[in-house]
Structures are given as C-alpha cells and as structure tokens.
Amino acid sequence: RGAESRCGSGLCGVIVGFYCFWSLMMKKVLIVGAGAIGSLIGVHLVRSGRYHVTFLARGLHYESMIKNGLKLHPLPHHTSTNNDTTTTKLDPIIIHSSIDHCTFVSSLDTISDHPQDFIFLAVKQHQLIPILDSLKPLIHSNSIIIPLQNGVPWWFFQSYTFQKSLQNTPLH
C-alpha cells in the first residue's frame, strides 16, 4: 500500500519486485587466468551458490581441470587456547563443471555470446594485451572488471645486469 500510494499505481511494486528478482539471479563471472589467484577467487564464488563462474585456462592445466575438476587445498586452521595450539587440516575443495555452477574453457571464443557480469583479470600483465579484443563481446553496460595482476612486472629480471647481480639470490 505504501508504494502504491506514492506511485499512484502498482508499477513501483512491479519495479521493486523485478529488482529483487534480478539481484537474486545467478550472476555470470569470468575468471581470465585460472592459476593460483584466479582459482582461489573462483572456487569461493562457485561455493557461494550465487555465481556461475567460467574459468579460462590453457594447455595441461585446462585438460586437468576438465578431467579432475579444480581442487583448492585450504591452509590448515590453527586455534590456540592457553599455551596449546591445535592444528586442523581441512579437506580439499573440489569443483566440477558437471555438478557445480562453473564452466572450464580454453578459449574465450566459446563463450563470446554470453556477456559476463564480473570479469576477473588474473593473468600476468604481459598476457593481458593479447586477450583484450576477445573480451569486448563479453562486456555489457553493467559489467564490472576487476584486475588482479601481481606486483612484480614480468620484465623486471630480463636485463643482463639484473640476471648477473641477482644470480643465486633467493627472493622473499
């Protein structure tokens, strides 16, 4: 009644209802680069049950995902009481495209007609430029793009001076 009296008709109720329905619909997520970072985020999104996640991977990693699913090994959980520490080893989390809300692809061409709501760019910076054109059909007016590039540029150790001066030096 409150919405009807403010709007003059039941239209506001329909709009609010549609918005609630839309917000509850499963959102489409693309993980570009299903390595350590992309897989970690994607597995947790799949497990939430609110997202259909498409993982883009290449080569042997893609083949392994198709055959065995994607496995996440959680870190052990530590609890401390007084001076005692208990460590609980957690079971691996495994997702499969046949039973979970996810898809594994080796090329963006296979999903080019399915615009995504969220796109996580979890590739190294030098791998980003070659895939930008193939991302265009996957972006709609409300898509959100989240870059997850790591902090060390790929070219940092390419110069001969750095290679010689840092030879046999562990990085922390």
What pairs can you find where one residue is in segment 44-65 and more than 20 Å from His114 (Cβ to Cβ), the other is outside any helix (DSSP H, G or I) and among the hydroxyl-bearing types (Ser, Thr, Tyr), and their Cβ atoms are less than 9 Å apart, with a gap of 6+ or different chains? Gly59/Ser106; Glu63/Ser106
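Is segment 86-109 home to any residue that is among the aliphatic types (A, V, I, L, M) and under 13 Å from Ile31 (Cα atoms)?
Of the residues in segment 86-109, the ones among the aliphatic types (A, V, I, L, M) are 90, 93-95, 99, 105, 108.
Those still in the list that are under 13 Å from Ile31 (Cα atoms) too: 105, 108.
Yes, that holds for at least one residue.
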On the basis of being surrounded by 11 or more Cβ atoms within 10 Å (Cβ to Cβ), more than 18 Å from Tyr62 (Cα to Cα), modelled with pLDDT under 90 and out of contact with any strand residue (DSSP E or B) (no Cβ under 9 Å at 6 or more places or on another chain), does Pro153 make the cut? yes
Sole exception among (1) in a helix (DSSP H, G or I); (2) open to solvent by 70 Å² or more (accessible area, probe 1.4 Å) for Pro137, by number: (2)
Does Asn68 satisfy the condition of being within 20 Å of Leu40 (Cβ to Cβ) and open to solvent by 60 Å² or more (accessible area, probe 1.4 Å)? yes
Enumeration of residues in segment 80-124 that are open to solvent by 60 Å² or more (accessible area, probe 1.4 Å), part of a strand (DSSP E or B) and not small (Gly, Ala, Ser): Thr81, Asp84, Thr85, Thr86, Thr87, Thr88, Ile94
Segment 1-51: helices (runs of 4 or more DSSP H) wholly inside it with 3 or more residues that are open to solvent by less than 60 Å² (accessible area, probe 1.4 Å) and modelled with pLDDT under 90 are 2-7, 11-24
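The values are calculated or read from the model by the stated rules, or taken from the named source; none is laboratory data. Given the structure is predicted, the values throughout are model-derived calculations rather than measurements. Using ideal geometry, Cβ is built from the backbone for each residue, glycine included, and neighbour counts are taken over all protein chains shown. These accessible areas exclude ligands, DNA and RNA; they are computed on the full protein's heavy atoms, side chains included. Shrake-Rupley method; radii C 1.70, N 1.55, O 1.52, S 1.80 Å.
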